[in-house]
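The values are calculated or read from the model by the stated rules, or taken from the named source; none is laboratory data. All of these numbers come straight from a predicted model, not from anything done at the bench. Using ideal geometry, Cβ is built from the backbone for each residue, glycine included, and neighbour counts are taken over all protein chains shown.
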Amino acid sequence: TTTQQATGDVGILYTKGTGPMPTLLATKQIDGYIAWQPFVEVAPVAGIGRVITYSGNLPPDDRWKNHPCCVLTSRTDFMNSNPAFVDAMGAATILATRYINDHQSEAADITAEWLAGKGNFTYGNITVSSVEILERSFPTVKFVNEPSEQWMGGQLEFVYALRELGTITGTLKNTTDDQTKALLFDTGPYDRAMAMINASSIAVPPAEANPVGVGYLLSDHHASLFVAVKKWQYFNDTYGIALKPEDPTATRPDLVDLLVKGQKVATLKLIPADAGPQLMQLAATKTIQMAYVGNPPAISAIDQGTPLKILMALNNEGSGVVVVTSSPATDWDSFVQWAKERSAAGKPIVMAAPGKGSIQDVMLRYALEESGLSVKEVQA
Amino acid sequence: MKLAIRDLSKVFVTGTGEQVPALDGINLTVDDEEFLCILGPSGCGKTTLLRIIAGLDTPTTGSIQVDGEALSGPSRRIAMIFQEYSLFPWRTVLDNVSFGLEVQGRDREERFAVARKYLDLVGLASFERNLPYELSGGMRQRVAVARALATEPAALLMDEPFGALDAQTRNLMQTELQEIWRKTRKTILFVTHSVDEAVFLADRIVVLTERPGRIREIVPVQKCPHPRDRTCADFVEIRRHVLDLISGGSSD
Amino acid sequence: MKLAIRDLSKVFVTGTGEQVPALDGINLTVDDEEFLCILGPSGCGKTTLLRIIAGLDTPTTGSIQVDGEALSGPSRRIAMIFQEYSLFPWRTVLDNVSFGLEVQGRDREERFAVARKYLDLVGLASFERNLPYELSGGMRQRVAVARALATEPAALLMDEPFGALDAQTRNLMQTELQEIWRKTRKTILFVTHSVDEAVFLADRIVVLTERPGRIREIVPVQKCPHPRDRTCADFVEIRRHVLDLISGGSSD
Amino acid sequence: MRRPLGILLPILILIVWEIAARFINNQFILPRLETVLPVLLSPTIDILGTGSLLHNAMVSLERVGAGFLVALAIAIPLGVGMGWSRRLDALADTTIQLLRPIPPLAWGPLAIAWFSVGINSMIFIIFLGAFFPILLNTIDGVRAIKKTWVEVAQTLGASERQVLAKVVLPGAAPTIWTGLRVGFGIAWMCVIAAEWLPGTTSGLGYLTLYAYNFGQMHYIIAGMITIGIIGIAFDLLFRSVEDRWFCWRGLER
Amino acid sequence: MRRPLGILLPILILIVWEIAARFINNQFILPRLETVLPVLLSPTIDILGTGSLLHNAMVSLERVGAGFLVALAIAIPLGVGMGWSRRLDALADTTIQLLRPIPPLAWGPLAIAWFSVGINSMIFIIFLGAFFPILLNTIDGVRAIKKTWVEVAQTLGASERQVLAKVVLPGAAPTIWTGLRVGFGIAWMCVIAAEWLPGTTSGLGYLTLYAYNFGQMHYIIAGMITIGIIGIAFDLLFRSVEDRWFCWRGLER
Ligand SMILES: Nc1ncnc2c1ncn2[C@@H]1O[C@H](COP(=O)(O)OP(=O)(O)OP(=O)(O)O)[C@@H](O)[C@H]1O
Ligand SMILES: Nc1ncnc2c1ncn2[C@@H]1O[C@H](COP(=O)(O)OP(=O)(O)OP(=O)(O)O)[C@@H](O)[C@H]1O
Ligand SMILES: [Mg+2]
Ligand SMILES: [Mg+2]
């Protein structure tokens, strides 16, 4: 990487998930944040911040266009003993992603229900529907599944970035790109799922005796899971594969049945978490077998020796940078300008990121350094 | 019940390993249906003696025969009434009195019937639903007596049962105890600090020495007929004699 | 100090609004340097009377004059000694005795000197560094006396100060109090339940009726010279008279 | 006089709150009263898809109930044993003293590893919160049993089991009950922490945390008030039972 | 006999732990003893870049100390006031009863909004944990002051201020001290929760959470043991002071 001589400082505050970000911004403790959707849209809607850029447009130019984001992962021991199940999950995910791309506004609606019961958010005098927020955020997320060569290349960028950050210390520390890919990916399930979809026949996996734990985050990024569950009837009727909620009235079901050709194959325990590292911890302790998760936590977990593989993409892009309303910044360049002025004035701006080594952290650091700003972690 | 105490002594070992001789060479025979009072200076081992007879402590040497058989542990045939109030405060008066029968496994009907009989005897029939804290000190000790009697033991051990009562109540209780004894004919061992009380109640008075307790003298009181008049000449004379024994026994 | 109590009465109002008359129409003059004992049945208002004089309670009607001036609140000139142990348990004996001087703002040296003088007087000079719990009951009451004396009040109010002591210690304390009184010549109001104690100590004995307390009689004892012999004829006669007053006053 | 005065301050606080909220005009710092009250007044309306206030309160109560019952079922017998037998006490005391100061919350990671995500690890954490107060009070209560009561029972022919069941347990009951009251209070505090563990999808703790994600402070405060009210309600319940059942306490003699 | 028996069980637990760890063979569920012990035995070695065990323990202690001191400085005067004056008690009691059952942790979101990320919001949460036990014990202690002590002081000429300073405070000191001990214990529990707040980068609570994110169970357990040991150490310290200063307690009469 070719970092210029730094001409200013920016502080980064890690908030362990997105939870405190709106509060911190509204109380002027931070000058902005980078988050995943829909928490990017929360700021403008609440009137506390302005979106200056979405993650695909972060500098350097085109570097992050279509950057990989969340991925579907599985424990390898589980894959080995239940290959047909993992393939079926892959198929369900791919079908749901297709549905999202064909019915974006319905998908936003479903996600609004999953994340907020389609309720309203109240910010002082402003009240907005969660549906509205999701409809704003959906176009900024690109829902794709294919683990293409280009996509894998994008993933490698994160490995490099994490190496630079010093958080990769295990099996991926000194690997070549090919070795890294071999350690990270297993595209078998994707290929087999596509084959089944193309053949219009999903194979019925043997029944699972125990519930299968599946982790996810409360983000639009994992909308394919929400859509698969909420539209289970449609998928069941159309493709013969469905994730049927055991309680159809639940807004955020936690027990769903995998049905293939009308047969119940397994019970899934859906486990939400605040941030990726938590999910990877659950995977490490075999509490969950599969996870919808951001790629850096998955890379870190594999690096730390968790027997895990990345199976396919879930989405590209889908994060954004927000600054406080009082900021003069309206786009990345004016933001950099502002940050440099503040640094020169001895009051460097503070940006929040959901976690050290998270996808958002990696991109923001990269972009800042690219723009001639050096990053310091804020010590509380 | 007849009690025969032979060469009984008791040495306590304190936490620091010190040896405290409490009783020494006690030889005493208590006849069936006898009312025996035990007098002695504080700390001379009166309570210890009763506790050993009740089976709550073991003697260091010596033995106790109950109707010819060796004593072994607490027995239903010997009931003890303690100086401090010892009622179960969470049980009603009736449930307190029927406790002994309850642990014997007698059924409700039967044990309440027996308990009521003895509550009647101590004049507290109308208080059976009350909790102990609602009673006065004297009433509580009467409940304790009823509880002890309800299992129909052959002997009653009473450790300064009236010590905490005021003078008037105490006199009343003494008269009532006499009455109860007359009706039920138990063997009674009665510890007291009051010479007056001992002379009023006892057939014989055992006077102990200072610690370690030994028997100084056994004073017979039978010649004074019941109910005793505290002003009659015999009474006053025996009282004087016992008082002399006690003050002569102290070292000052 | 001369105390003049005029038409004093006290009615307590309980939490439930009930009125409890505790004292009624008390007229009493206490001379300077007089030792006055107050006797009366339990609950007749003895403690209440002392508390009013100490300024800890206010009378319902009537007035108290101290050396001609109306009493108003607690005063350093009148010290009170309570029945229950009242030492500050976290202070050494010396610090307890010097408490009154400390709150007056006297400096360390001075207050310790005065405190030591009075500790000497009550014979506890060697215990000044001890904490109260290390002392026996009698010693504690002597410390309380020293503490009361240390501020050099003109009058001492003592509410059954020896009630919790055993007989032997009690006799000793009575003799010592006499001695202290002889040396310091305070006006003393002394409440007791013991006729014997009253006759032994007092110049005059005020006998109260049952609640609400009224003055039944004031018995002079001066004719019996100090130190008094409990077996002398005058003593026995006064004692008999006071006993008669008391039992005559009860309703049974 | 007591009652009106007692209500004065809360009312004053509410007024100050509302004025301050209008003045600060930042709902993240202090949401207006009129955004919080409707939430409390319609406790059956769904909040952000996590269910209603009432529903989440019931869920939390169920969890506390389960953890509390497990704690009670283990702590009381163990406490009676340790209070009664010097041996058992000597054996277990050190271990208990070592485990006690570890905050229930710190067990979170192990709880998830051992009991897996979900109700069981929450029960474990709640259990840890309630266990020690119940245990220590039971031990205390049993130790403080009047020896005379035990000896009376013995002379009346009670076996050791009967002494334990009919004298020791009822005699120690008031102290044990205090332990239960304190233990329940701590359990109630722990449920909030437990519901912050990953994988939770309901409960008052989860509700507040979830609302936090979207900066919905009025839900957080409504949640806190609900937590507070339920906490008091149970405390009062425990106390009223205490007053009724253990009126003899302190009047033993 | 007591000592050896007491140590027997922890040793047994360690042995069972090691055997179980070997048997389970999954460091996420139960790390081996030999991975935990070295962490504890070299408390000055850096852990995952967050600083050493010792350093983090000191940081946590500082925070607890600050929160505890604030709690003490407010709770003791307020408690003396409420114990002494019926008026003040009537005024404040209801409010305190309402606030008390809200877990300190639940204040997290508001703490961050009010005191901003960092030491101040941690102090606030720790303060909340320590405040109520100290306050309630101070009130109790002052109320339980023997009336006679106060009256003696009055008859000896003490002013109200002198009575408060020289009789009420020292007389209530043992009970207040118990409140301090309990309050410190709870504050210590709260620091762990407080260090889970965003923006924290040190402390034992942060250390365990950070280790958790990397699945480093042996650090978590070492952290928990350190938390436990410090907890006991302070409890013992408080108790030993109690034994020394308040030896007169229970022997008042
Ligand atoms: N468990 C014990 N360990 C050590 N010493 C004991 C024990 N029980 C009693 N003693 C000692 O044995 C002696 C006799 O005690 P005991 O209670 O029998 O006296 P007592 O005659 O009943 O006295 P009192 O009239 O005061 O009740 C006392 O010196 C007492 O201190
Ligand atoms: N604060 C109070 N409120 C209501 N009644 C009171 C109060 N203080 C005392 N009394 C009542 O006033 C009466 C006199 O009480 P006091 O304590 O003066 O009696 P006493 O003569 O000292 O009795 P004793 O000899 O038992 O000490 C009693 O009936 C008592 O119950
Ligand atoms: Mg005895
Ligand atoms: Mg009195």
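Within the range B:55-79, which residues are among the aliphatic types (A, V, I, L, M), facing another protein chain (nearest Cβ under 10 Å) and farther than 17 Å from B:F12 by Cα? Give the derivation first.
Looking only at the range B:55-79, we keep the residues that are among the aliphatic types (A, V, I, L, M), and these are B:56, B:64, B:66, B:70-71, B:78-79.
Keeping just the survivors that are facing another protein chain (nearest Cβ under 10 Å) gives B:56, B:78-79.
Within the range B:55-79, B:I78, B:A79 meet the criteria.
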Please determine, by comparing only the residues of the range D:184-212 that are polar (S, T, N, Q) and more than 10 Å from chain E (Cβ to nearest Cβ), which one is farthest from the chain's Cα centre (by Cα). D:T201
How many of the residues in the range D:64-95 are assigned to a helix (DSSP H, G or I) and more than 9 Å from chain E (Cβ to nearest Cβ)? 22
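Applying the selection to the range C:72-90, what residues are over 11 Å from E:V152 (Cβ atoms) and surrounded by fewer than 20 Cβ atoms within 10 Å (Cβ to Cβ)? First the steps, then the outcome.
We begin by selecting, within the range C:72-90, every residue over 11 Å from E:V152 (Cβ atoms); these are C:72-73, C:75-78, C:83, C:89-90.
Passing the criteria: C:S72, C:G73, C:S75, C:R76, C:R77, C:Q83.
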Pick from the range E:111-170, criterion within 14 Å of chain C (Cβ to nearest Cβ) and of a type in the set (D, E), ranking: nearest to E:T200 (Cα to Cα): E:E160
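Kindly evaluate B:F35 against the criterion of being more than 30 Å from D:R244 (Cα to Cα), in contact with a Phe, Trp or Tyr (Cβ under 9 Å, 6 or more places away or on another chain) and more than 16 Å from ligand 3 (Cβ to nearest atom).
Considered against the rule, which asks whether it is more than 30 Å from D:R244 (Cα to Cα), in contact with a Phe, Trp or Tyr (Cβ under 9 Å, 6 or more places away or on another chain) and more than 16 Å from ligand 3 (Cβ to nearest atom), B:F35 comes out as yes.
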Given (1) modelled with pLDDT of 85 or more; (2) within 9 Å of another protein chain (Cβ to nearest Cβ); (3) touching a Phe, Trp or Tyr at 6+ places or on another chain (Cβ under 8 Å); (4) surrounded by fewer than 23 Cβ atoms within 10 Å (Cβ to Cβ), identify the lone condition not met by C:L94. (2)
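What are the residues in the range E:34-49 that are surrounded by fewer than 18 Cβ atoms within 10 Å (Cβ to Cβ) and not small (G, A, S), if any? Working first, answer last.
Going through the range E:34-49, the residues surrounded by fewer than 18 Cβ atoms within 10 Å (Cβ to Cβ) turn out to be E:34-35, E:37-38, E:40-46, E:48-49.
Result: E:E34, E:T35, E:L37, E:P38, E:L40, E:L41, E:P43, E:T44, E:I45, E:D46, E:L48.
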What about A:L282, is it at pLDDT 95 or above and within 30 Å of A:W151 (Cβ to Cβ)? no
Would you check if B:G40 is within 16 Å of ligand 3 (Cβ to nearest atom) and away from chain D (no Cβ under 14 Å)? yes
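What about E:G51, is it on the phi > 0 side of the Ramachandran plot, of a type outside the set (K, R) and under 24 Å from the mean Cα position of the chain (by Cα)? Even if it seems obvious, please write down each step before you answer.
Numbers: on the phi > 0 side of the Ramachandran plot: yes; of a type outside the set (K, R): yes; under 24 Å from the mean Cα position of the chain (by Cα): yes.
Spelling it out, E:G51 is indeed on the phi > 0 side of the Ramachandran plot, of a type outside the set (K, R) and under 24 Å from the mean Cα position of the chain (by Cα).
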Filtering the range C:39-79 down to residues that are closer than 26 Å to C:V97 by Cβ, away from ligand 2 (no atom under 11 Å from the Cβ) and polar (S, T, N, Q) yields C:S75
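Take the range E:105-121 and flag every residue that is within 20 Å of the chain's Cα centre (by Cα) and either at pLDDT 95 or above or on the phi > 0 side of the Ramachandran plot (or both). Please lay out each step first, then the result.
Let us first name the residues in the range E:105-121 that are within 20 Å of the chain's Cα centre (by Cα), namely E:105-108, E:111, E:118-121.
Hit for the range E:105-121 is E:G118, nothing else.
Condition first: free of Cβ contacts under 8 Å to residues at least 40 places away in the same chain, part of a helix (DSSP H, G or I) and within 7 Å of chain E (Cβ to nearest Cβ). Now tell me which residues in the range D:100-109 satisfy that. Walk me through how you get there before you give the answer.
Within the range D:100-109, the subset free of Cβ contacts under 8 Å to residues at least 40 places away in the same chain is D:100-103, D:106-107, D:109.
Remaining after also requiring part of a helix (DSSP H, G or I): D:106-107, D:109.
Scanning the range D:100-109 gives D:A106, D:P109.
Please specify each residue of the range E:39-63 satisfying the condition of being of a type outside the set (A, V, I, L, M, F, W, C) and either more than 21 Å from E:N213 (Cα to Cα) or assigned to a loop (DSSP other than H, G, I, E, B) (or both). Before the answer, list the steps.
First, the residues of the range E:39-63 that are of a type outside the set (A, V, I, L, M, F, W, C): E:42-44, E:46, E:49-52, E:55-56, E:60, E:62-63.
Result: E:S42, E:P43, E:T44, E:G49, E:T50, E:G51, E:E62, E:R63.
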Considering the range C:3-50, residues that are over 25 Å from C:D203 (Cβ atoms) and within 12 Å of ligand 4 (Cβ to nearest atom), and then whichever is surrounded by the fewest Cβ atoms within 10 Å (Cβ to Cβ), we arrive at C:G43
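Quick grid of which residues meet (1) touching a Gly at 6+ places or on another chain (Cβ under 7 Å); (2) free of Cβ contacts under 8 Å to residues at least 40 places away in the same chain:
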{"position": "A:L243", "(1), (2)": "no, no"}
{"position": "A:A250", "(1), (2)": "no, yes"}
{"position": "A:V256", "(1), (2)": "no, yes"}
{"position": "A:A284", "(1), (2)": "yes, yes"}
Residue count, the range D:223-246 (criterion: within 12 Å of chain E (Cβ to nearest Cβ) and either over 14 Å from the mean Cα position of the chain (by Cα) or within 18 Å of A:A275 (Cα to Cα) (or both)): 4
Subset of the range B:115-140 that is touching a residue at least 40 places away in the same chain (Cβ under 8 Å) and more than 11 Å from every other protein chain (Cβ to nearest Cβ) - its residue that is farthest from B:C37 (Cα to Cα): B:G123
List every residue pair whose Cβ atoms lie under 6 Å apart, where the two residues are 6 or more positions apart in sequence or sit on different chains, the first residue falls within the range A:328-352 and is closer than 12 Å to A:D31 by Cβ and in contact (Cβ under 8 Å) with a residue 24 or more places away in the chain, and the second residue, located anywhere, is of a type in the set (D, E, K, R) and in a strand (DSSP E or B). A:S343/A:D9; A:P348/A:D9
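Against the condition more than 14 Å from chain E (Cβ to nearest Cβ), within 16 Å of ligand 4 (Cβ to nearest atom) and buried (at least 16 other Cβ atoms within 10 Å of the Cβ), how does C:A164 come out, does it pass? Even if it seems obvious, please write down each step before you answer.
Details: more than 14 Å from chain E (Cβ to nearest Cβ): no; within 16 Å of ligand 4 (Cβ to nearest atom): yes; buried (at least 16 other Cβ atoms within 10 Å of the Cβ): yes.
No.
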Against the definition (touching a residue at least 24 places away in the same chain (Cβ under 8 Å), of a type in the set (F, W, Y) and in a loop (DSSP other than H, G, I, E, B)), how does B:Y85 come out, yes or no? yes
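Given the residues A:A329, A:A345, A:A352, which is the only one that is hydrophobic (A, V, I, L, M, F, W, C) and within 22 Å of the chain's Cα centre (by Cα)?
On the way: A:A329 fails: within 22 Å of the chain's Cα centre (by Cα); A:A345 fails: within 22 Å of the chain's Cα centre (by Cα).
Step by step, each of A:A329, A:A345, A:A352 is checked, and only A:A352 is hydrophobic (A, V, I, L, M, F, W, C) and within 22 Å of the chain's Cα centre (by Cα).
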Determine whether B:L36 is touching a residue at least 12 places away in the same chain (Cβ under 8 Å) and more than 16 Å from ligand 1 (Cβ to nearest atom). no
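For every residue, the table says whether it meets (1) within 14 Å of another protein chain (Cβ to nearest Cβ); (2) at pLDDT 95 or above; (3) assigned to a loop (DSSP other than H, G, I, E, B).
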position: A:V42; (1), (2), (3): yes, no, no
position: A:P60; (1), (2), (3): no, no, yes
position: A:T73; (1), (2), (3): no, yes, no
position: A:D87; (1), (2), (3): no, yes, no
position: A:A92; (1), (2), (3): no, yes, no
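For the condition among the basic types (K, R) and over 19 Å from the mean Cα position of the chain (by Cα), what is the one hit in D:R32, D:R63?
D:R32
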Is it true that some residue in the range C:11-26 is away from ligand 1 (no atom under 16 Å from the Cβ) and within 14 Å of the chain's Cα centre (by Cα)? no
More than 14 Å from every other protein chain (Cβ to nearest Cβ) and away from ligand 2 (no atom under 16 Å from the Cβ) - does that describe any residue in the range B:80-90? no
